[in-house]
Amino acid sequence: MSNKPSIQILPEELCNKIAAGEVVERPSSVVKELLENALDAGATEIVIELGGGGKTLIRITDNGCGMNHQDALLCFERHATSKIRKDDDLFALSTLGFRGEALASIASVSRMRLKTCNSLDGLGQHIQIEGGRIKKVERLGLPVGTIVEVKNLFFNLPARKKFLRKDQTELGHAADVVSKLALARPDVSFRLLHQDRLMLDLRHEKALPERLAALLGRSLLRDMLPVDQAMDETLRLSGLISRPDLNRSATSHIYTFINGRYIRDRVVQHAIMEGYRHLLMKGRYPVVALFLTLDPALVDVNVHPTKHEVRFREQGVVHDFIATTLQQVLKPSSWISQSQSNH
Ligand code: ADP
Ligand code: MG
């Protein structure tokens, strides 16, 4: 047996494909990452165009700040980000992104085009990249903002591609991601098109109740109660929750956001159900869109690459605050009197 060293540092391209395995599960994961980038860039109007449920085409156009020539080339590098600089920034996050991995990962498993222009560069840039390799770079006149186009997702990862579902199923996942981000940011206009057909048009609903109504049905609003409670300057809960008689058989209409980020957290979910204790039958769940705002130093979002989970520094305090706030709002006296004054 030879005693030559057998450990090797993996090539960059392979590292990106491995990272893509964690972040890019299906077209909707690409939609999520690109939408988060558009929001972090300060976009107020975002258009999402899909083909084949996102399997053949994902194109996201934003009117955010755009990138200059150097940044446009750097953004495809792994761990390249404009959002954090040092350790401490991880505990004071004000952006949705910070890992600097999404574009590198997506580019390594697709054919991608980036068109972007900022307000200071005279010219914009158009970059084509395939399987992580830059194929073409040109400068051209473009409006300020960014267009990212992702074609043939997983063209070079056939094993992954096989797991993708029917167009309609993938479209459903992508629409779900758009809905969650659109709820998180009612101030931003979103449009979703599939094969040139308009699927979601959220250009005019600029407040949470209207957004929720546009996504889940107008009649629903009658049965929603407002929540707005602050424990102190560091902890606040706001949004809308359903009266107990409006309920669902699954948790899919429980939308929870922490510091503007859609999160599915066990502690938060448990606290919500605690708030509805004795008000719902077993196996029934409320309709909820709740926003928890807290000091970024008290919550760690760097738990999983998809950032769907968090860890609270003071889990018990957050749990009890949510549960008691909901119990208060759901006290029959508070909503019955409201409903009477509504009619
Ligand atoms: P992260 O979002 O974690 O920083 P990404 O790989 O998603 O990492 O993006 C890398 C960088 O590219 C971002 O930090 C940002 O500077 C830039 N970028 C990406 N998308 C956009 C966009 N739509 N508009 C402006 N800048 C963008
Ligand atoms: Mg990002």
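Quick note: the coordinates plus some simple rules give every number you see, no bench work behind them. Just so it is clear, the structure is predicted and the values come from calculations on it, not from any experiment. Reconstructed Cβ throughout: ideal geometry from the backbone, glycine too, with neighbour counts over all protein chains shown.
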Quiz item: So what is the relative contact order of the stretch 217-338, in percent, for Cα pairs below 8 Å that sit 6 or more residues apart?
Solution: 30
Quiz item: On full extension of the chain, what length is gained from Ile18 through Asp232, given 0.36 nm per residue of separation minus the C-alpha to C-alpha distance?
Solution: 72.8 nm
Exercise. Using Cα positions and a limit of under 25 Å, work out the lysines in reach of Lys55, with same-chain residues fewer than 8 apart set aside.
Key: Lys17, Lys32, Lys115, Lys135, Lys136, Lys151, Lys161, Lys162, Lys166, Lys180, Lys307
Quiz item: Between the stretch 176-216 and the stretch 1-74, how many Å separate their Cα centres?
Solution: 23
Practice problem: Calculate one ³J(HN,Hα) per residue across the stretch 131-148 by plugging θ = phi - 60° into the Karplus curve 6.51 cos²θ - 1.76 cosθ + 1.60, and present them in order as whole Hz with x for glycine and proline. | Solution: x, x, 9, 5, 9, 7, 9, 9, 9, 7, x, 8, x, 5, x, 9, 10, 10
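For a test of the definition: using alpha carbon positions, the gyration tensor, and the 1.5 limit on a/c, classify the stretch 12-202 as rounded, prolate or oblate.
Working: a/c = 1.27, a/b = 1.11, b/c = 1.15.
Verdict is rounded for the stretch 12-202.
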Quiz item: Could you give the length gained on full extension between Lys161 and Ser94, defined as 0.36 nm per residue of separation minus the Cα-Cα distance, in nm?
Solution: 20.7 nm
Self-check item: Over the chain: Rg over Rh, Cα atoms, Kirkwood Rh
Solution: 1.01
Self-check item: Val299 long-range amide H proximity, modeled H, under 5 Å
Solution: Arg313
Quiz item: Once you sort the root eigenvalues of the Cα gyration tensor of the stretch 179-279 as a ≥ b ≥ c, which label holds: rounded (a/c under 1.5), prolate (a/b larger than b/c) or oblate (the other case)?
Solution: prolate
Practice problem: Would you mind telling me the antiparallel percentage of the DSSP bridges in the stretch 217-338, rounded to 5? | Solution: 80
Practice problem: Mind sorting His204, His270 by how few other Cβ atoms lie within 10 Å of their own Cβ, fewest first? | Solution: His204, His270
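Pairs of Cα atoms under 8 Å, at least six residues apart: use those to get the relative contact order of the chain, whole percent.
Details: 662 pairs, mean separation 51.4, N = 343.
It comes to 15 percent, rounded to a whole number.
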